[in-house]
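Structure first, commentary second.
The values are calculated or read from the model by the stated rules, or taken from the named source; none is laboratory data. Remember, it's a predicted structure, so these values are computed and weren't measured experimentally. Cβ atoms come from the backbone with ideal geometry, glycine included; neighbour counts cover every protein chain shown. Heavy atoms of the whole protein, side chains included, go into the accessibility calculation; ligands, DNA and RNA do not. Shrake-Rupley method; radii C 1.70, N 1.55, O 1.52, S 1.80 Å.
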Amino acid sequence: MRGVGIVFSQFLQVDITLGVIIGMAVVLVFAFLGGMKGITYTQVAQYCVLIFAFMVPAIFISIQMTGNIIPQVGMGGTLEDGTYLLDKLDTLHTQLGFKEYTQGSKSTWDVFAITFALMVGTAGLPHVIVRFFTVPKVKDARKSAGLALLFIAILYTTAPAVAVFSRTNLIETVRDQSYTDIPQWFKNWEDTGLIAWSDKNGDGKIQYVQGSALVGKKPEFLEGRGTYGERLISNASEATNELYVDRDIMVLANPEIAGLPNWVIALVAAGGLAAALSTAAGLLLVISTSISHDLIKKQLKPNITDKGELRWARASILVAIVIAGLFGIYPPGFVAAVVALAFGLAAASFFPAIILGIFDKRMNKQGAVAGMVVGITIMLGYMIVYKTGLIGVMDPLPASEWWFGTSPEGFGTIAMCVNVVVSIVVSRLTPKPPTAVTDMVENIRIPSGAGKASQH
Amino acid sequence: MSSTNKARAYWKENVIYLAILLSIWFVVSYGCGILFRDALNSINLGGFKLGFWFAQQGSIYVFVVLIFVYVRLMNKLDKKYGYHED
């Protein structure tokens, strides 16, 4: 929701909070009018908008910076002066006191753990799995997985290229520039509160180096403007760094930073909106159907009317949107971290149950439930202790206390292993699953069985 | 071959395919991109350090190829055991 808010706030030049609220209203209308089929088709349309909006500026910037038309290749290309783009960015980073761009700042084990948690988490997330219900034949499901990955790959191999382009451009544009000469995009983003600058050494130029420019995470703006017309902030830190840039804006600001024409910028905003709306709508659909159908109809009120079910679905959408909007206005940390944690939870809970259910015939109900409960518990526990803290009770413990140097984002990997071990041990200690279940497992292992299974 | 034996044999071949493809998956994504990144980074591929390239692009290309290989292998396997649906 925060992404939607950013687009609207930049577009309509309003405050980010108002932007989020407008976004909520749009998603609400969107989710109320569409159904599963509607959402499938709009997601196709949105993918087209998204890929177009993402690729066009990437290609433009790639041509502009490296003369290469394919961003993936341009990323490894040379600049006008003959140096490689990546070498140049490494040099810039080193000069400013950051780690080398291609080096990364996390330990090898931690990267390993995070990557693994993300991968198995994806495999275990319910809204990805339900997509396969729309293709009845096994053969088609396989093919659609392949095609889906192909389209995703186009997007995901471009993303790192865009990151390199924008990072280089950003550093080159703002470094040691005087504020009065700064391009308009900088001031626009400053107006929405996502960029902040305080002239600490009084030279009127922007010093952008390693270190946090602020005390705390977000800038706190004061009324009124400074000597050069910048927005004044009350929580500037002692560090030399004078610039705060909200990392969420990088993709959207990228074409502006590169100085591309307005229509390209509009295109990116459209793409950003399409991406956010389609994800939000898809997730809302899963939430609302699982509440109205699986929970209310199947568990609580079996004789509910269709109309009543629809009302429950809409009510749950409304509640979900309000919660999402609140998180958008008061974001709980950096977006990527939040997402990684969600994947970690999925990795720690669903993934082992799904995989063991298919590959381990001795697996039974007790084992799977015990594994999921233990996995979720330690994952949540680790998250609370090391990431979020409990408000009023404790602050999150520092990175030096992490188990084996595993960040909360990567802990899903450990939680998953624990889940697997617990599941196997418990299942061996409890009775075998009934024959009906083993037969079903035998059956889903072959395609025609899967065909039958999809009919009920 | 009885239908249970047939199903077992089919499943066994499927698991072998999975094991092979997943080892490639592991070597490319974790091996090249993360574990041996530093060693590979001494090799340059155009402007890329090789380990960095694997992490950012190379492994994704390999994934796409892997999944299409799996689709092909499995469709063949379905035919071999008579499980194909059309």
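The figures follow:
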read-out: With DNA, RNA and ligands ignored, accessible area of A:V44 (1.4 Å probe; Å², nearest 10); value: 90 Å²
read-out: Per residue value of the accessible surface for the protein assembly as shown (all protein chains in place, 1.4 Å probe), Å²; value: 50 Å²
read-out: 0 to 90° range, to nearest 10: angle between helix A:306-329 axis and chain A longest Cα axis; value: 30 degrees
read-out: Cα centroid separation, region A:141-180 to region A:341-361 (Å); value: 30 Å
read-out: Chain B: most fluctuating residue of B:Y61, B:Y17, B:Y70 per GNM, C-alpha cutoff 10 Å; value: B:Y61
read-out: Helical contribution to [θ] at 222 nm, DSSP H n ≥ 4, -39,500 (n - 2.57), averaged over the protein assembly as shown, rounded to 500; value: -20500 deg cm²/dmol
read-out: Overall Cα dimensions of the protein assembly as shown - principal axes, largest extent first, Å; value: 84, 58, 47
read-out: Length added when fully stretched, A:K217-A:Y156, from 0.36 nm per residue minus Cα-Cα; value: 19.1 nm
read-out: Net charge of neighbours whose Cβ lies under 11 Å from the Cβ of A:L79, counting Lys and Arg as +1 and Asp and Glu as -1; value: -3
read-out: Sum of side-chain charges, A:S212 neighbourhood, beta-carbon under 12 Å (Lys, Arg +1; Asp, Glu -1); value: 0
read-out: Acute angle (nearest 10 degrees) that the helix A:108-124 long axis makes with the longest principal axis of chain A, alpha-carbon atoms; value: 50 degrees
read-out: Peptide A:84-92, shielding by other chains (average Cβ, 10 Å cutoff); value: 2
read-out: Neighbourhood net charge (15 Å Cβ-Cβ; Lys/Arg +1, Asp/Glu -1) for A:D203; value: -2
read-out: Per-residue ³J(HN,Hα) for region A:144-149, Karplus 6.51 cos²θ - 1.76 cosθ + 1.60, θ = phi - 60°, Hz, x for Gly and Pro; value: 5, 4, x, 5, 4, 5
read-out: Entries of A:K361/B:K6; A:K137/A:K301; A:K143/B:K80; A:K137/B:K6 with Cα pairs more than 25 Å apart; value: A:K137/A:K301
read-out: Nearby lysines by direct alpha-carbon distance to A:K307 (threshold 22 angstrom, same-chain neighbours under 8 apart not counted); value: A:K37, A:K297, A:K298
read-out: Cα-based helix-to-principal-axis angle, B:59-81 vs chain B, degrees rounded to 10; value: 10 degrees
read-out: In nm, spacing of pseudo-spin labels at A:I69 and A:A239 (7 Å Cα→C-beta vector); value: 4.2 nm
read-out: Cross-link reach list, lysines versus B:K49, counting only Cα pairs under 30 Å and skipping chain neighbours closer than eight places; value: A:K88, A:K99, A:K106
